[in-house]
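Read through the structure below, which is laid out as structure tokens, and then see the notes.
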Amino acid sequence: MRHLLSIADLDVDVIEQVMTLTDSFVEVGERRIPKVPTLRGRTVVSLFYEESTRTRLSFETAAKRLSADVMTFSVGSSSVKKGESLRDTVQTIEAMGVDAIVVRHGSAGVPRQVANWVEAGGVRVINAGDGAHEHPTQALLDCYTLRERLGSLRGMRIAIVGDVKHSRVARSNIAAFTVLGAHVTLVAPPTLLPESLVGWPVEVSHDLDAELPKVDAVYLLRMQQERQTEALVPSLREYTACYGLTARRAELMADGAVILHPGPMNRGVEIAAEVAECPSSVITRQVANGVAVRMAVLFLLLAAEGGDVADE
Amino acid sequence: MAERERRITPPYGGVFVPRTRVMDADAVTRAVTRIAHEVIERNAGLAEVVVVGLQTGGVRLAHRLVEAFERIDGSQVPFGTLDVALYRDDIGLRPVMPEAVTAIPGDLNQKVVVLVDDVLFTGRTIRAALDALTAYGRPRAVQLAVMVDRGHRELPIRPDYVGKNLPTRRDEAVDVTDDGVELGDMVRERR
């Protein structure tokens, strides 16, 4: 694997490899000293053109636990304010001799473009979320968390609920869940679904109450109010009434079924505050596993392959 | 033969072809029993001993050593496994991949850790293992038990307990199983 740009690029073997490797990094995280020297002398840059708490911290923690040096690029305090183009910024970072760039950008396709620019220099690029396109490490950590609770995703039924239209998490997760053999149902009002679902390996429902008893996992998406430029739901209260996971709805779920949310949560909108804390919720597990999954990805991109010994 | 060994020994990804059987199954069993007695003698018992097998070749031997302790002394010695891939000094030079999840039983502070591996060669795996152990505490002592010491050390590391000293050429390969120890060569797989 050269870059991690999209789940669509990965086959089932690579995803399984990440999952297996993550087991090792979860163990590293449980040690007295949760740090290994694996990426000593390597430099990882986080290049975030969009705000983020957990993804950026998670990547930086992952890189530091692997002993890599971490540079943080935040747009607010950089030459981007003076009008520097993305290409010039990337070239500047590349010229400093970094090994990997973790990119988040509001526009779909930016990580792939960055990967093309740095291809010759051997820098690895990881997509940390691009527009409404993909967020591959989120999908990988969700798959890992589900595996932890459900054993395997094969044959599992997963409902993805909410603002699918603006969600890169949904796109990556549909691809990942499907590759691993799960059945995905999207549950949302028509206004929050993409205009066309042709080619999507999903079923669609508009009735959350009817779906909840049937699923092994329910994945709640954040209402992305910052991306919703038009009135897609009459009001947040009405959205919650129809599609929010309230305490009453959570009781409709089968025993052992789990609740996921990529964060940040709008408590009281897509998920009730008490539901987020209930035993079926694996939301904090997702965050904890996120560090281990990102360590696995950084390891695969920066360390797993060797130099002179060819894997012929 | 560990998968890693197979991949990184010329001709890279070949198969092990045995030439000479150096120890048979009984000899391996006797060596494990003798090493168990030596560990007990040297540490005046097993009170603080923790056995740690190195992935992948050392795990089976470590397990047998624990069984031998139970037979001889009646005590249940804590047993762990350690994968040193993340600590290797050839990361970036050769393919590296953890092969199993490390499992260390509890805190190693003040314990006597007996590291177990099948073959001691350059000593680099042991160097990595010593580094890895520091993440689990500060053992009072670390001792090394190997079934075969084949020479060619590249670091100042020596074993405390040895099943057999076996002079080898660098390009030979050694395979340790329950059935015995074989000396042979890595050969490119013919189709």
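The values are calculated or read from the model by the stated rules, or taken from the named source; none is laboratory data. Please read all numbers here as calculations on a predicted model, not as lab measurements. Note that we place each Cβ from the backbone using ideal geometry, even for glycine, and neighbour counts take in every protein chain shown. Only protein heavy atoms, including side chains, enter the accessible area calculation; ligands, DNA and RNA are left aside. Shrake-Rupley method; radii C 1.70, N 1.55, O 1.52, S 1.80 Å.
Distances between placed amide hydrogens fall under 5 Å for residue A:161 paired with A:187, A:219, A:220, A:221, all partners being 5 or more residues away or on another chain. Pick out, from B:139, B:120, B:168, the residue whose Cα sits farthest towards the positive end of the charge dipole of the range B:3-174, with +1 on the Cβ of Lys and Arg and -1 on the Cβ of Asp and Glu. It is B:168. Apply 1/(1 + (r/R0)^6) to the Cβ-Cβ distance of residue B:47 and residue B:100, taking R0 = 25 Å, and write down the FRET efficiency to the nearest 0.05. With a Förster radius of 25 Å, E is 0.30. Helical runs (DSSP H, four residues minimum) scored at -39500 (n - 2.57) apiece and divided by the length of chain B put the mean residue ellipticity at 222 nm at -8500 deg cm²/dmol. Amide H contacts of residue A:69 (H built 1.01 Å from N, in plane; Pro and chain starts excluded): A:41, A:42, A:43, A:44 sit under 5 Å, all sequence-distant by 5 or more or on other chains.
For the range B:3-174, a/c is not less than 1.5, where a ≥ b ≥ c are the root eigenvalues of the C-alpha gyration tensor, and a/b does not top b/c. That puts it in the oblate class.
Just the number, please: carbon plus sulfur as a percent of the accessible area of the range B:13-68, 1.4 Å probe, no ligands or DNA/RNA counted. Could you put the intermediate results ahead of the total?
Details: 1340 of 2530 Å².
So the carbon and sulfur contribution to the accessible surface is 53 percent.
Among B:124, B:158, B:19, which one moves the most in a GNM of chain B with springs linking Cα atoms closer than 10 Å? Its mean-square fluctuation being the largest, the pick is B:19.
The angle separating the long axis of helix B:25-42 from the principal Cα axis of greatest extent in chain B is about 40 degrees. Taking B:99, B:172, B:154 as the candidate residues, the one with maximal mean-square fluctuation in a Gaussian network model of chain B, Cα springs under 10 Å, is B:154. Scanning chain A for DSSP H helices at least 27 Å long along the axis (C-alpha atoms) with a Kyte-Doolittle mean no lower than 1.0 picks out A:283-302.
Counting only residues at least eight positions apart within a chain, or on another chain, the lysines with an alpha carbon under 16 Å from that of residue A:35 are A:64.
Taking all protein chains in place and a 1.4 Å probe, what share, in percent, of the accessible surface of chain A do carbon and sulfur account for? Walk me through the numbers on the way to the answer.
Working: 6330 of 12800 Å².
Looking at chain A in its full context, I get 49 percent from C and S.
For the protein assembly as shown, what is the per residue volume of the convex hull drawn over the alpha-carbon atoms, in cubic angstrom?
Numbers: hull volume 89.9 nm³, N = 503.
Measuring per residue, one finds 179 Å³ for the Cα hull of the protein assembly as shown.
Treat every Asp and Glu Cβ in chain B as -1 and every Lys and Arg Cβ as +1, leave all other atoms uncharged, and give the resulting dipole magnitude about the Cα centre to the nearest 20 debye. It would help to have the intermediate numbers written out before the result.
Working: 27 positive and 29 negative charges, 102 e Å.
Result for chain B is approximately 480 debye, rounded to the nearest 20.
When the solvent-accessible surface of protein heavy atoms is calculated with a 1.4 angstrom probe, in what order do A:38, B:9, A:92, A:284 fall, highest first? Display every interim value, and only then the final one.
On the way: A:38 10, B:9 30, A:92 60, A:284 115 Å².
Of A:38, B:9, A:92, A:284, the descending order of accessible area is A:284, A:92, B:9, A:38.
Straight Cα distances below 29 angstrom link residue A:214 to the lysines A:165, with same-chain residues fewer than 8 positions distant left out.
Rounded to the nearest 100 Å², what is the buried accessible area between B and A, both sides summed, probe 1.4 Å? Display every interim value, and only then the final one.
Numbers: alone 9790 and 13820 Å², together 21540 Å².
Using a 1.4 Å probe, the pair buries roughly 2100 Å².
Helix B:57-73 and the long axis of chain B differ in direction by around 30°, with both axes built from C-alpha atoms.
Annotation: the antiparallel percentage among DSSP beta bridges lying fully within the protein assembly as shown is about 20. Taken one residue at a time, the phi angles of the range A:272-281 give Karplus couplings (6.51, -1.76, 1.60, θ = phi - 60°) of 6, 4, 6, 5, 4, 9, 6, x, 6, 7 Hz. Gly and Pro are set to x. For the pair the range A:172-244 and the range B:30-80, the centres of their Cα atoms are 56 angstrom apart.
Largest first, the residues A:239, A:49 sort by 1.4 Å accessible area into A:49, A:239.
Take the protein assembly as shown with all the other protein chains still there, run a 1.4 Å probe, and you get 43 Å² of accessible area per residue.
At a threshold of 40 Å², the residues of the range B:113-143 that become less accessible to a 1.4 Å probe in the full protein assembly than in their chain on its own are B:135, B:136.
Any idea what the relative contact order of chain A is, in percent, if you count C-alpha pairs under 8 Å spaced at least 6 apart? Write out the running numbers ahead of the final one.
On the way: 554 pairs, mean separation 62.5, N = 312.
Averaging sequence separation for qualifying contacts and normalising by length gives 20 percent for chain A.
The trypsin sites (Lys or Arg not before Pro) of the range A:126-167 meeting both criteria, a DSSP state outside H, G, I, E and B (loop) and at most 11 other C-beta atoms within 10 angstrom of the site's C-beta, are A:154. In the range B:78-105, the residues that give up 10 Å² or more of accessible area when the other protein chains are added, compared with the chain on its own (1.4 Å probe), are B:86, B:87, B:91, B:92, B:93, B:94, B:95, B:96, B:97, B:98, B:101, B:102. The antiparallel fraction among DSSP beta bridges confined to the range B:3-174 stands at about 5%. Solvent-accessible area of residue A:156, all protein chains in place: 40 Å² (probe radius 1.4 Å, heavy atoms, ligands and nucleic acids excluded).
Checking the a/c ratio against 1.5 first, then a/b against b/c, what shape does the Cα gyration tensor give for the range A:168-312?
Values: a/c = 1.97, a/b = 1.70, b/c = 1.16.
Prolate shape, in that a/c is at least 1.5 and a/b is the bigger ratio.
Panel note: contact residues of the range A:30-56 (accessible area lowered by at least 30 Å² against the chain on its own; 1.4 Å probe) correspond to A:31, A:32, A:33, A:37, A:38.
How large is the convex hull of the C-alpha atoms of the range A:209-266 per residue, in Å³? Write down the numbers at each step before the final one.
On the way: hull volume 5.2 nm³, N = 58.
Measuring per residue, one finds 90 Å³ for the Cα hull of the range A:209-266.
The shape of the range A:1-60 comes out oblate: with a ≥ b ≥ c from the C-alpha gyration tensor, a/c is at least 1.5 while a/b does not beat b/c.
Each residue of the range B:175-189 was assigned a 3J(HN,Hα) from its phi angle through the Karplus expression (A = 6.51, B = -1.76, C = 1.60, θ = phi - 60°), giving 10, 10, 9, 4, 7, x, 10, 10, 9, x, 9, 8, 10, 4, 5 Hz with x at Gly and Pro. In this structure the amide hydrogen of residue B:114, modeled in the peptide plane, comes within under 5 Å of the amide hydrogens of B:50, B:51, B:52, B:143, none closer than 5 places in sequence on its chain.
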